[in-house]
Every structure is written in C-alpha cells, then in structure tokens.
1. Give the ranking of Lys205, Lys84, Lys163, Lys123 by solvent-accessible surface, highest area first, calculated with a 1.4 Å probe.
2. Report, to the nearest whole %, how much of the accessible area of the chain belongs to carbon and sulfur atoms, 1.4 Å probe, protein only.
3. Counting alpha carbon pairs within less than 8 Å and at least 6 residues apart, what relative contact order, in whole percent, applies to the stretch 221-368?
4. Hey, how many Å between the Cα centroid of the stretch 206-256 and the Cα centroid of the stretch 38-95?
5. For the chain, what is the mean residue ellipticity at 222 nm derived from helices alone (per DSSP H run of n ≥ 4: -39500 (n - 2.57); sum divided by total residues; nearest 500 deg cm²/dmol)?
6. Going by Cα centres, the stretch 114-165 and the stretch 349-368 are how many Å apart?
7. Evaluate the relative contact order of the chain (contact order divided by residue number), counting alpha-carbon pairs under 8 angstrom at least 6 apart; express in whole percent.
8. How much length, in nm to one decimal, is gained on full extension between Asp87 and Phe75, taken as 0.36 nm per residue of separation minus their Cα-Cα distance?
Amino acid sequence: MKVMVLGLRGIPDVQGGVESHAQQLYPRLVDLGCQVEVIVRSPFVPKDVHEYAGVKLRRIWSPTKSGIEALVHSFLGTAYAIVKRPDVLHVHAVGPAIVAPLARLFGLTVVMTHHGPDYDREKWGGFARFILRSGERFGALASQGRIAVSNGIRSSLVEAFGKPTTYIPNGVEIPGPVLDSDFVRALGATPGQYVLQVSRLVPEKRQLDLIEAFRRARLPGWKLILAGALTEDAYCARVRAAATEAGSDVILAGFVKGSRLAQLFAHAGLFVLPSSHEGLPIALLEALSYGVPALASAIPANLEVELPEESYFQLGNTVELADKLQRSAGSAADGEAREARVDGVRRRYDWDRIARETLRVYQDARRF
C-alpha cells in the first residue's frame with residue numbers, strides 16, 4: 001500500500017507532538033509492508049535528507065509565517081498527492097485537514113488524524129480559528145477514515161459530525177537505562193533534583209505558570225529546566241524575562257533531542273505539564289516511560305493519562321502547583337513507583353499495536 005503523509009513540519013527530530021508521532025509511526029508501517037512518503041516543509045528538513053528509517057521524505061516549499069505556513073503547504077502537498085496518486089493520503093491535524101474535500105474531489109482516499117482542537121490555542125486570532133474549525137469540519141466530513149488520539153476528541157467528533165471515528169492514542173517507546181548525565185550537569189543541574197518540562201514555548205504550554213509555582217515552592221538544591229526552542233516572539237521574551245528574574249535556578253535549555261533529551265528525562269526528579277491545551281500529551285507519556293513522577297493540569301486530555309488523583313492541579317493555580325511541587329519532590333526517588341509508571345505506559349501506549357490499528361483504518365477507508 002502506498003501511503004502519503006501530510007500535515008507535519010518534518011522528521012526526524014523536528015520539534016512538535018505531531019512530528020514525534022509521525023517519527024514513531026511511519027517506520028513501523030514500513031515494516032508492515034507500506035510504502036510511506038512524508039511530505040515535509042522545506043525550512044525544517046535539510047535538502048540532503050531524503051529518507052528516514054525506510055520512510056521517503058519529499059521536501060515541498062512552505063512559508064515560515066505563522067498562520068499561513070500549514071495552510072499553504074497543505075494545498076501544495078495535496079497538489080503533489082493528486083499527481084502521484086497514493087493509495088491513502090493521511091492528513092494530520094485539523095488545519096491541514098481543510099484540503100480533504102479537494103483530495104476527495106480528485107479521487108484520493110483520505111484519512112485524517114485529529115490531534116486536538118488547535119483552534120483553542122491562545123495564539124490564534126478570529127480568522128485563524130475560523131480556518132482551523134473549517135479544517136476540522138472538512139476533514140471529518142470528507143475523509144473516508146478518521147482517527148482521534150484521545151477518547152475525548154473521538155467523542156466530540158462523533159457528536160459534532162456524526163461520523164464514525166477510531167480512537168488510536170499516541171504511543172511511547174520504553175527506553176533502556178541512561179547512565180550518562182554529562183549534559184544535565186553541564187546545564188548546572190544535579191540528577192534527581194530538577195523539575196522538567198519538555199514542550200514548545202507557546203502560551204498554551206503555560207511555562208510562566210510553572211516558573212511562578214517553582215519560585216513559590218522554594219525547593220532547596222532543585223532546578224527548573226524548560227526544554228524547548230526559543231524564538232524571538234513576544235511570549236518567548238516573557239519566558240526569558242521570567243527566567244532571568246528567577247535567577248540561576250531556572251534553566252532555559254533550548255530545543256533538545258537525541259541522547260541529550262534522554263538524559264533530561266532519565267534523570268529528572270519530576271516532570272510537569274501545566275498546559276491549557278493538549279491532544280494526548282506525548283511528552284508526558286515519554287516522562288512516564290522513564291518512570292519519572294509527573295504533575296499535570298487537570299484538563300481533559302491530561303486526565304486521560306490517568307495519573308494518580310494527587311498528581312493533577314487546577315489549570316493556572318500556581319499556589320496549588322507550588323504545594324504539589326513541594327510534596328512530590330520528597331518522593332521522587334521511589335524506585336517501585338517508577339517501575340509501576342513504566343509498566344502502565346508499556347501496556348497502554350504500544351507503538352507496534354498503534355501501527356497495526358492505523359493500517360486497519362487505511363484498509364477500511366479504501367473500501368469506503
């Protein structure tokens with residue numbers, strides 16, 4: 001089966017939840033016998049990178065301006081798909097899904113994965129929200145197959161559009177032991193004594209809440225590490241200012257990948273996700289795969305991960321979060337609890353099973 005993929009910036013090692021999802025999923029679909037070609041955006045993948053783990057990469061130009069990047073690239077990618085005629089065009093996220101009716105008009109089989117209601121992100125204005133909601137509607141109504149990464153998203157799609165939707169969550173790989181800690185120490189942190197957040201630095205990830213709560217918690221000897229690409233926008237400027245005001249205990253690590261990211265996860269004393277918007281949070285699953293204790297905002301997507309009740313806090317409540325930071329830091333080294341977290345994500349979020357279920361959606365969509 002020839003599968004073409006649209007809607008992500010690129011792989012490998014491009015920051016973003018959809019990108020992490022694709023990097024794990026498509027090599028496994030190649031192993032299952034699919035021929036996979038991912039359409040990637042030119043600013044994010046070098047010209048000399050044409051393949052990753054058996055997955056072909058096709059660079060197509062896209063602008064870098066927020067708000068039109070995904071839209072323009074999606075239409076250009078769809079034109080390419082119309083010419084190449086894959087058996088399945090798999091579109092990720094509600095913005096790019098706006099092209100589903102066009103792809104259907106030209107006889108393509110379309111599958112959409114809904115990663116979350118992107119129109120709820122704080123950065124978007126009225127017109128962008130309209131486009132994103134239109135993408136959700138067009139994708140839901142025009143696609144022959146629909147996948148939701150959480151049960152909450154699945155329920156909302158079925159209720160809004162009356163179309164059958166398959167729940168297939170994000171997955172996680174269980175890592176091996178990580179003994180090196182040189183990168184952690186180079187940042188100025190001590191293994192086991194830092195709070196970690198790994199995410200894009202955007203308003204809905206609420207880094208400012210976490211900095212404020214960490215300052216309130218006053219954890220002796222602990223650091224806060226925020227791992228995510230620093231851009232020149234207004235929000236990143238506020239994060240930089242807040243980190244500077246907090247002093248050397250708050251570390252802005254930038255975008256981290258590969259073995260360095262593995263070190264950050266493996267040696268964290270606590271992982272925190274205070275976000276206001278998620279689909280199904282891959283970074284949280286990754287932290288649990290290392291056995292790291294976690295705290296998360298009590299939003300529906302985070303609640304689906306089914307952390308212990310005491311691991312959730314009300315969105316934006318920095319006083320409650322500070323209290324939970326203090327309580328959690330004292331029990332971060334519990335080895336038995338760490339093993340239980342690893343076992344939990346191993347059972348529920350297996351990428352090999354996710355790949356097989358995705359292939360079944362493709363097969364069903366082609367019979368539509």
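1. Numbers: Lys205 20, Lys84 115, Lys163 70, Lys123 95 Å².
So, going from the largest accessible area down, we get Lys84, Lys123, Lys163, Lys205.
2. On the way: 8010 of 15980 Å².
It is 50 percent, rounded to a whole number.
3. It rounds to 18 percent for the stretch 221-368.
4. 33
5. On the way: 14 runs with 157 residues, N = 368.
One gets -13000 deg cm²/dmol as the mean residue ellipticity at 222 nm.
6. 20
7. Working: 719 pairs, mean separation 59.7, N = 368.
Relative CO of the chain lands at 16 percent.
8. Full extension of this stretch gives 2.5 nm more.
The values are calculated or read from the model by the stated rules, or taken from the named source; none is laboratory data. Model, not experiment: these values are computed from the prediction. For neighbour counting, all protein chains shown are included, and Cβ atoms are generated from backbone atoms with ideal geometry for every residue, glycine included. Heads up: the accessible areas ignore ligands, DNA and RNA and are worked out on the full protein's heavy atoms, side chains in. Shrake-Rupley method; radii C 1.70, N 1.55, O 1.52, S 1.80 Å.
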